[in-house]
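Worksheet for the structure shown next.
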Amino acid sequence: MSKEFILVDTSFIVALLDARDSLHQRAKEIEKELTFSKLIFTDVVYAETLSVLSRRIKERRKEKRGELNFNDALLVVGAKEYGIEWILSFDSDFDDYLKRIY
């Protein structure tokens, strides 16, 4: 069976991006094994991934300061993925997740 093309599901992406996910380490191991495969990501999976990650961020909030909207949650997830600690924003909703320059 060829693994040239592989359809990627939300559960894998979420586990890969969320260091607190119980399958995070396994997802990182699998990612290393797929260097020669062509991964297929659909719009449906992107949307579901953002929804799941947004919900997790909201559930992990310790203080109510306002809710991150869909796009702001995406910025937080992207920043965490790339090791970015800072954001230039006037929006205090980021304060639980990133260091804000304003």
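Quick note: the coordinates plus some simple rules give every number you see, no bench work behind them. Fair warning: this is a prediction, and the values are worked out from it, not measured in the lab. No Cβ is skipped: glycine too gets one built from the backbone with ideal geometry, and neighbour counts run over all protein chains shown.
Taking other C-beta atoms within 10 angstrom as a stand-in for reagent exposure, Ile87, Ile13 fall in the order Ile87, Ile13, fewest first.
Here the spin labels are modelled as points 7 Å beyond Cα on the Cα-Cβ line, and at Lys38 and Tyr102 they lie 4.6 nm apart.
Given [x] 32, 30, 25; [y] 66, 26, 24; [z] 52, 23, 23 as candidate values of Cα extents along the principal axes in Å, which corresponds to the one derived from the coordinates? The listed entry that was calculated here is [z].
Note on Leu75, Leu53: ascending count of other Cβ atoms within 10 Å places them as Leu75, Leu53, the fewest first. With 27 Å as the limit, the listed pairs Lys32/Lys99; Lys28/Lys80; Lys32/Lys58; Lys3/Lys80 have Lys32/Lys99; Lys32/Lys58; Lys3/Lys80 beyond it between alpha carbons.
Annotation: the residues Thr10, Thr49, sorted from fewest to most other C-beta atoms within 10 Å of their own C-beta, follow the order Thr10, Thr49. Once you've got the GNM for the chain with C-alpha springs shorter than 10 Å, pick whichever of Asp72, Asp18, Asp91 has the biggest mean-square fluctuation. Per the Cα network of the chain with a 10 Å cutoff, Asp91 tops the list. For the chain, the 222 nm mean residue ellipticity estimated from helices alone, with every DSSP H stretch of n ≥ 4 adding -39500 (n - 2.57) and the total spread over all residues, rounds to -14500 deg cm²/dmol. Rounded to the nearest 10 degrees, the angle from helix 43-60 to the longest Cα principal axis of the chain is 40 degrees. Taking amide H as placed 1.01 Å from N in the peptide plane, Ile87 has its amide H under 5 Å from the amide H of Lys99, Arg100, Ile101, each at least 5 places away in sequence or on another chain. Entry note, the chain: relative contact order of 22 percent, from Cα contacts under 8 Å with a spacing of 6+ residues.
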